[in-house]
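All remarks here apply to the structure that follows.
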């Protein structure tokens, strides 16, 4: 009985702390920042570019409905291929995130001109594998890898937007919420099974093919060895894909 009471006290203290951080962050956003422009708005929330009134520093502010578990994990990590998460708070299903603003063009914008060369494609995919290596190391699955969510900061590829991301839960049979972008999302993201790291491998394979050909691999497969890499990445059975981002990175470096 005493253990149960102590456990309830800890839960209540945790919830009070989360409520305090949420209120503090909401207030800080209103008082210390000014909105420059909206970056993205949708049914689940919005993303806005803010400027700090005193320093002039540009930051990205996210407000969306869902889980902020991956953003909370990212507070402890630093990787040149991931944006720095400065603060996050969550209350009653609404998540607030303040993060680094990545200055550059999206991969989607660059691909409108023409497909990329195999060399440029390899360089970008290797860097995205580095980003996934960090995410997968603490059990996170991005679940929405696509050209719009990759920013090229000079020669540096940065994977952004973790609003659809979740932590892999081995005990679950499938995802609680179906999220992802049609064409890039792995089959298991549609409720066939739980999406794990191999779901991101699938999306990265589709992305690689789009970078090389401008088309989904089901319509036009890239030539040569990179095409064979794409084929393995996009197998319907997750167990037939590369086991990890590191294995994929090694395959395209051969």
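The values are calculated or read from the model by the stated rules, or taken from the named source; none is laboratory data. What you see is a predicted model; the values in this text were computed from it and never measured. Quick reminder, even Gly has a Cβ in these numbers, built from the backbone with ideal geometry, and neighbours come from all protein chains shown.
Taking segment 222-237 as the range and being free of Cβ contacts under 8 Å to residues at least 40 places away in the same chain and buried (at least 18 other Cβ atoms within 10 Å of the Cβ) as the test, the residues that pass are 222, 229, 230, 233, 234. With respect to (1) over 13 Å from the mean Cα position of the chain (by Cα); (2) at negative phi, the lone exception for residue 154 is condition (2). Residues that are assigned to a helix (DSSP H, G or I), modelled with pLDDT of 55 or more and at negative phi occur at least once in segment 32-55. None of 133, 153 is in the same structural domain as residue 189 (by TED's automatic domain parsing), more than 27 Å from residue 223 (Cα to Cα) and in contact (Cβ under 8 Å) with a residue 24 or more places away in the chain except 153. Is there a residue being outside the structural domain of residue 158 (by TED's automatic domain parsing) and farther than 21 Å from residue 131 by Cα anywhere in segment 65-80? Yes, some residue in segment 65-80 is outside the structural domain of residue 158 (by TED's automatic domain parsing) and farther than 21 Å from residue 131 by Cα. In segment 85-102, which residues are free of Cβ contacts under 8 Å to residues at least 24 places away in the same chain and more than 18 Å from residue 59 (Cβ to Cβ)? Once the filter is applied, which keeps residues that are free of Cβ contacts under 8 Å to residues at least 24 places away in the same chain and more than 18 Å from residue 59 (Cβ to Cβ), segment 85-102 yields only 92.
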